[in-house]
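Any read-out appearing in this document is the output of simple, stated calculations on the displayed coordinates, not a laboratory observation. This is a predicted model, so every value here is computed, not measured. We place every Cβ from the backbone using ideal geometry, glycine too, and count neighbours over all the protein chains shown.
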Amino acid sequence: MKIYTEDEILKPEVRKQIIDEICQPENKNRKQAAFKKYQVYKDKTALYVIENLLKWLDQDTVEEMAYSVSNVSVCRKIIDKLARVYAMGADRKAMNKDGKVDEELTKKVELLAKYLSLNSNMKKLNRLLKLEKNMSMYIKPTKVIVKGVEKYTIKDQPTAPFLYDVVENANDNEKPLCYIFSHFKPELSLGLNAPLTNEMLKAHTLTASNPLGDNKDQMIADSPSDKDADNKQFIWWSENYHFTTDDLGAVISTNTNMENPIHELTILNFALDQDGQFWAQGGDDLVDGSVLVNSMITHTMHVGVTQGYGQFYMTGANLPAGQKIGPNKGIKIEHKDKDEPTPTLGFLSANPPLSELRQLIEMYVALMLTTNNLSTSGVASNLGTGNNPVNGIAMILDKAESMEDVQDQEQIFKDREPEMWRVIAKWLNLYSKTGELVDELKDLVIPEDIKVEVSFPDARPIMTEKEKLDNLKIRKDLGINTEIELIKMDNPDLTDEQAEEKLAKILEARMKKVANAAKDAVNKNLNQVEDGQDEPV
């Protein structure tokens, strides 16, 4: 069954069918896969490393390796390098009907962006979009209590795809007709060949009985997976409708006529590589690669430890049982019968192929970089060579750089962010008219038909602090930037007013330093005269 108009979701039997589809294994697996990407990006890779090792080795061996489970943030490091659209913030201009910049309205937009922490949230959305391929920005009104009175503020919330479902538009499958939010309870892991044990998990904070929380939403701040753990509610948003149902599709919470008060989808979809369907496919290479690299590191560490120690042995007759060895322990063996073999003691040493295993890890990291348009110039033949003690993988990732992919992503945000401003404007106008808007936003209400143009400063390549300062000095000496511009280049988050204030303080300190230097020079010359030395200059 396909849905062509949002009016279909007003039928209880249609809602029930949609909820049944949400609960099907296919959709649960989609969410679980998205959740795995999120976990790996958030440096929670160890569990998936254990799962991967169980495909290679038996359970007893994996339990022995628990101490060496690696959790290196390979995926996060690469994603953060690829998703840099908002690395330097964004320039936003509000346009009037004549297509010219409206300076007064632009200042409101800048203040709203600061109030909403928009640059930070868009940076987060950019990174998760590169990771997940699908992300949404939920522009949501949030109720707050101010001096005992209910008020509303606006929040922009990047929302990962395991937190919602979508009814696609049958006329254009790449566009959403309706969003449905419901509680997602992640599974401990998928596809395990053996049950996880506490021995496998003792290397990190998870436990087999309590992997992701206790599924109780408590008064204290607790695990994200505990939120609404027993909640079987489904929150529906479409362009014209908004309501909440139970798991049977019956409406249990609504406003007048089940109406969306702003008559606009308040959730905006961001997607990479949609191919005639809503959920973009692909993007698993960094997650799978991160798990594999950490599995290889875990394996190499275990090999190094287990084969790094010499194996003690004794041969002969009537040998002592359970002998402990060590630098302060002696071994006494009686040899009375000449016909018995002479007792021998010693250590057997292995020669594990650690260099080859290390090169295999480096090769795989290099492949991950080059297939994601990142430089492999930092790939060395061994880790931490020369005078640089930095871990080899970290060094490789630090030197990887690419602007190509960033430029490809920019257009998505140039197209979508202006739509966000229209939604923000509608919520502000709605609660301004009802008198329920928080005081901080009362003077920042913007027209509902606002047009905002977004551009991005050129993302700078990663450089050391010395390189950055040398670059600023050269630009100043050449006179190609004002001091205000140089200050903002050093700190892009500053507004023009804040940069001017900082410059005033710098100039004041500079003048004070010059005055003190002149005063010291005068005093020095006067002292020379008093001592009968040369005349003052």
Quiz prompt | Given Lys124/Lys433; Lys140/Lys442; Lys123/Lys151; Lys42/Lys133; Lys466/Lys488; Lys155/Lys451, the pairs whose alpha carbons are separated by over 24 Å | solution = Lys124/Lys433; Lys123/Lys151
Self-check item: Charge tally in the Cβ shell below 15 Å around Gly276, where Lys, Arg are +1 and Asp, Glu are -1, Gly276 excluded
Solution: -2
Exercise. Could you list Leu112, Leu469 in order of exposure, starting from the residue whose Cβ has the fewest other Cβ atoms within 10 Å?
Key: Leu469, Leu112
Self-check item: Phi to ³J(HN,Hα) by Karplus 6.51 cos²θ - 1.76 cosθ + 1.60 over the stretch 304-309, Hz, x for Gly, Pro
Solution: x, 6, 5, 9, x, 7
Practice problem: Order by neighbour count: Thr495, Thr106, Thr298, fewest other Cβ atoms within 10 Å first, most last. | Solution: Thr495, Thr106, Thr298
Self-check item: Phi-based couplings in Hz for the stretch 38-48 (Karplus 6.51, -1.76, 1.60; Gly and Pro marked x)
Solution: 4, 5, 5, 5, 8, 6, 10, 8, 4, 4, 6
Practice problem: Mind putting together the pair-distance distribution for the stretch 465-530? All Cα pairs, 5 Å bins, whole percent per bin, short to long. | Solution: 3, 15, 16, 17, 16, 9, 8, 7, 5, 3, 1
Quiz prompt | Cleavage-rule hits (trypsin sites (Lys or Arg not before Pro)) in the stretch 332-363: DSSP loop, at most 16 neighbouring Cβ within 10 angstrom | solution = Lys332, Lys336, Lys338
Quiz prompt | Footprinting exposure proxy for Asp172, Asp439 (fewest neighbouring C-beta atoms within 10 Å first) | solution = Asp439, Asp172
Practice problem: Could you work out the local net charge near Leu441, counting Lys and Arg as +1, Asp and Glu as -1, over the other residues with Cβ closer than 11 Å to its Cβ? | Solution: -1
